[in-house]
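Notes to accompany the following structure.
The values are calculated or read from the model by the stated rules, or taken from the named source; none is laboratory data. If you're wondering where the values come from, they're calculated on a predicted model, not measured in any experiment. Here the Cβ is made from the backbone with ideal geometry for all residues, glycine too, and neighbour counts use every protein chain on show.
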Amino acid sequence: MNDISARIEALREKLGRDLCILGHHYQKDSIVAHCDHTGDSLELSRRVPEIAARHIVFCGVFFMGESAALLTRPGQNVYLPREDADCMMSLMASACHARAVLKELAELGRGVTPLAYVNTSVGLKAVVGTFGGAVCTSANAKTLLKWAFDRGRGVLFLPDRHLGRNAARALGMDENDWHVLRLSGDGLLDPATQPLDRPLLLWPGCCPIHGQFTQARVASLRREHKNCRIIAHPECPPEVAALCDDTGSTAYIIKDAAAFAEAARNAAGPRRTLVVGTECNLVDRLTARHRADCDIIPFAPAFCPDMGLVDETALLALLEKIAAGSARPVNVPEAEGAPARLALTRMLDACGK
């Protein structure tokens with residue numbers, strides 16, 4: 001244990017039950033080692049209401065800290081080790097732009113239920129909550145998309161067009177059922193030329209990390225690793241997802257890797273290979289965990305630079321401020337907090353908590 005790691009652990013012991021550290025699966029091993037709980041966005045959101053600690057540290061990007069802050073009780077605060085850890089996808093859909101588009105659609109007689117991926121700002125979640133919608137994660141996108149359609153109107157899915165299409169395909173829809181919106185700086189671009197009557201309207205955003213995965217790479221992996229299994233995160237393009245053996249959230253991928261390793265351990269024949277298409281901190285962790293039974297390799301080099309901003313130095317600095325009473329918690333204005341919380345609780349209710 002290095003000096004910084006030792007000082008973090010000393011502060012964890014000092015703060016005791018007043019502190020709880022959460023970490024997303026995409027965090028480095030050096031951060032995960034200090035976390036009380038790790039998980040994907042849905043798992044960690046579900047945990048927040050059960051946490052008794054006064055200080056909740058969220059090792060992840062800003063929207064995760066905001067989401068956690070929406071679910072805390074009076075007397076609890078959420079902190080981020082790096083307040084500048086952003087999300088490139090979330091920046092593709094601002095609250096004011098989404099509000100303008102929803103109003104314009106309504107004026108055109110095209111009422112929709114908005115469904116926002118959790119990888120969005122609290123402001124956008126508030127807009128979605130105000131317009132009767134909910135948020136979703138990669139783990140429950142299919143469930144929430146069905147929930148949104150059950151409202152009896154069309155759906156606007158934002159900001160990730162890839163996740164939206166993959167979830168729609170899982171419900172039996174195809175390209176004739178959706179349309180990726182063409183946007184101007186303040187609303188829709190030439191709305192009369194767009195098929196806005198389609199059931200599913202998609203915001204034209206994506207995750208640059210997962211969006212870089214290609215069909216050519218799938219073909220290359222199949223040639224290099226005969227009989228390999230390929231699983232990818234549903235933020236990848238749908239044409240790539242269609243060529244994979246399966247897609248799923250980070251939690252799903254972890255379970256799939258464990259099942260693959262167990263089957264490989266009990267199988268005869270050559271060593272088996274699992275290709276995992278998601279952020280490589282998680283892939284590297286799975287590789288180490290199951291090395292004795294199988295080979296787990298990344299689909300492609302895919303590291304999220306914003307997740308990478310969180311390191312032990314940043315975590316130590318935050319814990320020192322918490323201990324000194326000078327840490328700045330995540331602040332969610334109540335004007336945004338109430339409708340954003342509504343969008344988030346709709347998701348949790350739809351998933352049975």
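Points worth noting:
- The range 317-334: number of residues that are in a helix (DSSP H, G or I) and either in contact with a helix residue (DSSP H, G or I) (Cβ under 8 Å, 6 or more places away or on another chain) or aliphatic (A, V, I, L, M) (or both): 7
- Of all residues in the range 282-294 being without any contact (Cβ under 8 Å) to a residue 60 or more places away in the chain and surrounded by 15 or more Cβ atoms within 10 Å (Cβ to Cβ), the one that is nearest to ARG229 (Cα to Cα): CYS294
- Looking at the range 1-60, the strands (runs of 3 or more DSSP E) lying wholly inside it that each contain 3 or more residues that are within 22 Å of GLU235 (Cβ to Cβ) sit at 19-24.
- Annotation note: of LEU108, LEU144, LEU91, the sole residue that is over 15 Å from GLY205 (Cβ atoms), of a type outside the set (Phe, Trp, Tyr) and under 15 Å from the mean Cα position of the chain (by Cα) is LEU144.
- Residue in the range 175-186 that is surrounded by the most Cβ atoms within 10 Å (Cβ to Cβ), counting only those that are more than 13 Å from LEU202 (Cβ to Cβ) and either out of contact with any helix residue (DSSP H, G or I) (no Cβ under 9 Å at 6 or more places or on another chain) or at pLDDT 95 or above (or both): SER184
- A single entry from THR313, THR287 fulfils the requirement of being β-branched (Val, Ile, Thr), outside the structural domain of VAL240 (by TED's automatic domain parsing) and not in a loop (DSSP other than H, G, I, E, B): THR313.
- Filter result (under 15 Å from ALA302 (Cα atoms) and modelled with pLDDT under 95) within the range 214-259: THR250
- Test for ALA168: is it buried (at least 18 other Cβ atoms within 10 Å of the Cβ) and modelled with pLDDT of 95 or more: yes
- Of all residues making up the range 241-273, the number that are surrounded by fewer than 17 Cβ atoms within 10 Å (Cβ to Cβ), part of a loop (DSSP other than H, G, I, E, B) and out of contact with any Lys or Arg (no Cβ under 9 Å at 6 or more places or on another chain): 5
- Elements of type helices (runs of 4 or more DSSP H) contained in the range 77-195, each with 1 or more residues being aromatic (Phe, Trp, Tyr): 141-149
- Filtered residues of the range 324-343 (kept if surrounded by 16 or more Cβ atoms within 10 Å (Cβ to Cβ) and aliphatic (A, V, I, L, M)): ALA327, VAL330, VAL332, ALA340, LEU342, ALA343
- Residue under evaluation ARG222, criteria (1) assigned to a loop (DSSP other than H, G, I, E, B); (2) among the basic types (Lys, Arg); (3) surrounded by fewer than 16 Cβ atoms within 10 Å (Cβ to Cβ), criterion not met: (1)
- Here VAL61 meets each of (1) crowded, with 24+ Cβ neighbours inside 10 Å; (2) more than 12 Å from the chain's Cα centre (by Cα) with one exception, condition (2).
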